[in-house]
Amino acid sequence: MPDTHRTCEVCGIKERHLTEKRFFARFPLDVNRCKQWVKMVGKEDLAYLQVHMLHDLKHVCEAHFSRRDFTKSKKRLKKRAVPKLNLTLPPLRDEILLQFLQLNSQADVTPQGQFEVQAVPSALMPASSSQPSGLEKTDVTPQGQFEVQAVPCTSMPTSSSQSSSLEKNVTKGSQRKESESQIRKRKLEDVDVTPRKRKLLSELRKTKCTLASLKKSAKLIDNLSSEFLKEIVTSALINQKRKSQGKRWTIKNKISALAIFKRSPKAYRYLRYLAPFPSIKTLQKLMKKIPVEPGLNTAVLDHLKKLAPIKKIRAKLCSLVFDEIALKERLTYSEATDKVEGFIDYGYERKDELANHALVFMLQGIGRKIKQPLAFYFIRGTVSSEKLAVLIKDIIKEITNSGFQVLSTICDQAPTNMGALSLLKEWNNGGHNYFEFENKKIYIIYDIPHLLKSLRNNFLKQGFLKMGELKGQWSHLVEVEERNRNFLYLSKLKSTHVQPKYRAKMKVKYAAQIFSQTVAAVLKLLATNVENVHRSDEILQTALLIEKFNKLFDYTNGPSGHADVKKGIRENVSAKTDHLAVWTEYRKQLSTLTFFNHNGVEAKNVKCVQGYIISLKSLRDIWLEVQDLGYKYLNLRQLNQDALENLFGLIRQHGQTNKHPTCSTFIAAMKTSIISGLTAPHSKNSNCEEDKKELMTDFHDLVFGFKDEDDQGQDINESPSHVSTENENEEDNPVLSIPEEEEYKEIVCDLAKISNQPVVYISGYLASVILKKNDCQVCRETLTVADPEENKIYDLIKLREWWQDKKCLTYPSLQLCQTVHTAVTNFEQFCIPNLHNNNICQWTITIFYSNCNTEWLCINHRQQMSDLLFTKLALMLIRRQCQIINLKQVSKEEDLADANKRGQQYGVSR
């Protein structure tokens, strides 16, 4: 512990009386330097103390040194530093300093018969005024301090070691300047202690040096700017002498390592060779604790309930964003959840249909740049409007109960979304642009970038549009692109802008670039060209319409950041801007917008126009409402679904070929996104800009705020010993009759069929797996056959032998083959139709126990062998059934791709 009783010899200030930390310097061990310090301090009593006494007991604070006296670290003095500032006493005379030099050159080293200078505590001195003969008092100090006295050497016992040291110090070598390390070493040798104690003192000095170096290293680690590097160095120091299975990792270590592992397992394996990181098995155990399942995530809601009381009302306003992502139809069995992933799943309900879409709901802040995925559901095609309306209402209810307030919903103009919002308006007495929930308005906003893309697609499809008195033609934009190829060389204007194909039509950036100020300027340039005098008015009207659409997009989508702000054109909403007037004006103009073809036939039921009008009114109402709550500005980027689109981009980036994810890879990618905080390098080919929003919940809170999964049920890898062989409810589980002995020949003949040969082979595999963990001879005799003889049921196993003269494969017994055959029959009859149910493996094992005879097994190991046999068989059959269904889906996709390829070859467009 640091010494808090230090006192400055110049100003007399005590360290324990200070409110802030101050540097206290000890007197140096070098005699000449110490003499300079004693001279400048000005206290005469210091001149009668030995150097090592001054070094150990006396200090000078930092107020008496200049800045140049300190090293760069400001924590140590330079070797030639002397206190010169704020001195209270005049320097000592040279006569007194001469006595100081004589004292320190002859202390403890004078020959016998001379006097030796010692520092004796005054409290130990006799109170009598008379002094013994031969004793001369040089100074009197207050009680508790040291007093310098001259003591005759004849009165002090001397040893041989002391006499030798006296002779050495009398020589001229004692007057040479010694280094501080040499002085410390000499002091240690001069102490009259036993060799054992001298060794302990030496070890203590080394330990102090080691501790000092460790303190320096710890300070260097603390000064690291990167928390990740600090964790790596700290874990390396802690685990450097531990075995691989004895290393311990903090929660931060595991979370950082898991984020790297989920981004790139290959890179993580390489990093484990360079630096200490947790094993992959440790990370996999941590992954199982992440609560990511279809349905509403209750873990996130619980965390939001904890955040709500400490948040202001402005920070609790949010939007509910929802959209769908396409999935590949595949089935995958998950041992962690004991269910087959890939079926329609609403969390509380599963259906026997393959899912090909995921419906995702995300919570997004309005006043803060925050986001949080709340729920996802596996659906087929699209969910019905009634179902979607119920889901939206339930999620808004849960968000409200957690303490946050939903102010708007954001989605695209899919028919299901529009139908669900219309139903919500009907059920809750809604208006033109909102519906009510618990007497609070929830405004409807259609995603602005999607609306702009829909306007472009309608203009491209029809060829003509009219808004107010202005009329535009798509052919003028095609002409601009053609001229650009030869003369203008605009890098952002290509053929994909004016003639987009299937995927290019889905890109928002192409629509934003074609409806830009640059294209409008080029159109105005073409209108002034001499060649286009007869149609300059038509081109100019198209240019003015493009300018209006560009202004509309700027006033509804806002800037992406501070660098993207354009005063008076593209900026956040505030009381100083004219957004309200512009929105009102555009609502009037969009009500006159129509699309028509070259024959003059007007397009009907253009949804994007009405969607834009509804969104403009919602933006106006939201701004007026949040302005009353104290908002000074409104960031329009918080009112689109870019954050959800970026989440879909992260999911597609997961792995090497995950552009079309399955249900299983979707869940894995969702876990990865949550671990990394929904952050990753933004793709240049993304359909939207980077949102730069932070995750509302922390990964640590999601994982360690819940009970361990090990306490909730049994792992599928463990043997299901809790499953009873007796059926508690015979009506729930079907029962198959066990054949008698006379029917056994028919069973053998049935197994000899080609269709049942795989059952025999699988039985041999199961027998070999079970016997690896069991050395019982009785079990081996009941499970296998030593001499298969000429039995036709073993034909497939014999043909698969590598050497005909050797028997390397396992030949199962007839009882084992019959049990496996019965289990396979029951699986096909009862389990395949219920493959979509939860806990499918445990349910399958229960079916096996109810209908299969295991009395023929070894009595001592019957329960253990039955558990292992049925567990391995159930896992094998479930995975095999998933593989069969996946192969059928692959065949369908290949046939469809082949038909599309043939259609392209024959000129049939998609």
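The values are calculated or read from the model by the stated rules, or taken from the named source; none is laboratory data. Quick caveat: nothing in here was measured; it's all calculated off a predicted structure. Positions of Cβ are generated from backbone atoms using ideal geometry, with glycine treated the same way; all protein chains shown enter the neighbour counts. Ligands, DNA and RNA are stripped out before the accessible areas are found, and what is left, the full protein with its side chains, is counted by its heavy atoms. Shrake-Rupley method; radii C 1.70, N 1.55, O 1.52, S 1.80 Å.
Just a few scattered comments:
- Estimated dipole of the range 194-233 in Debye, rounded to 20 [Cβ of Lys and Arg +1, of Asp and Glu -1, Cα centre]: 640
- Listed by chain and number, the lysines placed with their C-alpha closer than 19 angstrom to that of Lys798 are Lys753, Lys806, Lys807; residues fewer than eight positions away on the same chain are left out.
- Protection proxy ranking, peptides 79-87, 325-333, 459-467, average beta carbon neighbours within 10 Å, highest first: 325-333, 459-467, 79-87
- Here Lys872 is the anchor, and the lysines within straight C-alpha reach of less than 23 Å, apart from those fewer than 8 places off in the same chain, are Lys281, Lys285, Lys288, Lys339, Lys772, Lys773.
- Heavy atoms of Val533 accessible to a 1.4 Å probe, total area in Å² rounded to 10: 100
- Peptides 632-640, 494-502 ordered by packing proxy, namely the average of other Cβ atoms within 10 Å per residue, highest first: 632-640, 494-502.
- Ordering of 238-246, 346-354, 422-430, 47-55 by packing [mean C-beta count within 10 Å, highest first]: 47-55, 422-430, 346-354, 238-246
- Solvent-accessible area per residue, Å², over the range 783-910 with all protein chains present [probe radius 1.4 Å]: 58
- Three-way shape label, the range 520-654, alpha-carbon gyration tensor, a/c 1.5: prolate
- Pairs over the 23 Å Cα-Cα cut-off, from the set Lys369/Lys501; Lys659/Lys888; Lys316/Lys369; Lys21/Lys75; Lys305/Lys371; Lys312/Lys671: Lys369/Lys501; Lys312/Lys671.
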